[in-house]
Amino acid sequence: RWSLADPGEFRGVLDIALGETRVFLADRQRSEIEIRSLDGRRIAAVKIPTGPLRLAAGPGDTVFVLTASKWVFLYGSEGQPLGAWPAGQPQDRPVDLAVDTSDILYVLDAAGELRVYAPDARAPAQLPPPAGPGICSALRDKSASPGEIPLGETVEVELVVDGVCPID
């Protein structure tokens, strides 16, 4: 048993995926995935520019990350980027993902459509945007109040943009 946060600290963990020797945590509050060993030792934290929504552990302790920008990012067991691709068409609303032992990825859309992605060694690799030491990272958060409104009513929308860059 181990804790994700220091006493009194709130952590915005949204999802968890268990690999063979890794635990992957989606932290929406920090816009990152955290990679830990099974005994809780922190191995890496990877910034996800648009924020992680859902995780699925793949073979070899890889992790598939469904992002708020409707992309799937693939990372290795130490947080190294391995690939990226859009999760469907622009009008789709992906809500969850799963992967099987053959690395076949399943992405479920809010409309109930299931998309299946098989690995293709011939496809050119796309990589997630760089993140980590020595690289600037932009973080975003938006909210609306009230959260639901009748058609024709007004709503106040707030967009907060923040970022971090290394100090030279």
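The values are calculated or read from the model by the stated rules, or taken from the named source; none is laboratory data. This one's a predicted model, so the numbers in the text were calculated from it and none came from an experiment. No Cβ is skipped: glycine too gets one built from the backbone with ideal geometry, and neighbour counts run over all protein chains shown. Accessible surface is based on the protein model in full, side chains and every heavy atom, while ligands, DNA and RNA are left aside. Shrake-Rupley method; radii C 1.70, N 1.55, O 1.52, S 1.80 Å.
Data overview
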item: Failed item in (1) modelled with pLDDT of 90 or more; (2) farther than 19 Å from LEU14 by Cα, with PRO90 passing the rest; result: (1)
item: Cβ pairs under 7 Å, 6+ apart, first in segment 28-42 and open to solvent by 100 Å² or more (accessible area, probe 1.4 Å), second assigned to a strand (DSSP E or B) and of a type in the set (Asp, Glu); result: ARG42/GLU34
item: Close pairs from segment 112-124: first within 17 Å of VAL99 (Cβ to Cβ), partner among the hydrophobic types (A, V, I, L, M, F, W, C) and surrounded by 10 or more Cβ atoms within 10 Å (Cβ to Cβ), Cβ under 6 Å, at least 6 apart; result: LEU114/LEU108; ARG115/VAL107; TYR117/LEU105; ALA118/ILE104
item: Close pairs (6 angstrom Cβ cut-off, 6 or more residues apart or separate chains): among the acidic types (Asp, Glu) in segment 1-24, open to solvent by less than 90 Å² (accessible area, probe 1.4 Å) and modelled with pLDDT of 85 or more anywhere; result: ASP15/ALA26; ASP15/ARG54; ASP15/LEU55; GLU20/ASP61
item: Test for THR67: is it surrounded by 13 or more Cβ atoms within 10 Å (Cβ to Cβ), in contact with a Gly (Cβ under 9 Å, 6 or more places away or on another chain) and polar (S, T, N, Q); result: yes
